[in-house]
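Here the structure comes first, spelled out in structure tokens, and everything after it is commentary.
No value in this document is a laboratory result; all are computed from the given coordinates. Everything quoted here is computed from the prediction, not taken from an experiment. Positions of Cβ are backbone-derived with ideal geometry, glycine not excepted, and every protein chain shown enters the neighbour counts.
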Amino acid sequence: MAVWPLCGSGFRIVNNVDCQHLNPLLITALTTLVVTRNFIRTITPIVQSTVLSDPQLSLDGDLKELERLAVWIRQFCERHGLGVDVDFRLNLVLEELFTNAVRHGGSKGMIGAASIRMEARDGHVLVEYADRGSAFDPADAPAPDLSSPLEERRVGGLGLHFVRQMTSEFEYHRVGEWNRITMRLTI
């Protein structure tokens, strides 16, 4: 069995393909792999924008990955000469989206549960965030009640409110099994 491209925009999911009959370099070029014993399990990749060229970070569905995310964001900000305020906003936005995908979206325990790519240019940070959780458009989440006393407010919703406040543009699409969010943060 082989892995074949679908319309140039994605790949079929093929589980437990015998590695002995496939060229590993070819497979690596096509998709993300998880190798166990003599078998591979492919993970359908998110189709990334050709606009963003900076390296991608892939996270497994475990909240322990938040530490790796924070380090990656800090390195990105240092590489591009961005201040701690941009680092803070990127951390808040991406931590919120990833945590929601793991806790509420069904991404817990998944290998390659989320993918992030960022690029700094023209006074903005462009961000592509994708996760394999249940379909969920954060823009559809109800606005939190900010006027009632704290003890009367419904629990939750503030994180997504902060995500909306921190971004100047926010767009959601469902692409195959991926939630894909593109955002722009003003530097």
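For residue 114, the shell of other residues with beta-carbons less than 9 Å away shows a net charge of -2, using +1 for Lys and Arg and -1 for Asp and Glu. Between amide H atoms placed 1.01 Å from N, distances below 5 Å from residue 106 occur with 134, all of them 5 or more places distant or on a separate chain.
First measure r as the distance between the Cβ atoms of residue 140 and residue 108, then evaluate 1/(1 + (r/R0)^6) with R0 = 25 Å and state the FRET efficiency to the nearest 0.05. In this case the efficiency is close to 0.70.
Working ranking of peptides 160-173, 121-134 by packing, defined as the average number of other Cβ atoms within 10 Å per residue, highest first, is 121-134, 160-173. Spacing of the modelled spin labels on residue 177 and residue 152, each 7 Å from Cα toward Cβ, amounts to 4.5 nm.
Normalised by residue count, region 56-186 yields a Cα convex hull volume of 116 Å³ per residue. Among 111-120, 63-72, the peptide with the highest mean count of other Cβ atoms within 10 Å heads the list, and the full ranking is 111-120, 63-72. One decimal place: the segment residue 88-residue 68 gains 5.7 nm when fully extended, by the rule 0.36 nm per residue minus the C-alpha distance.
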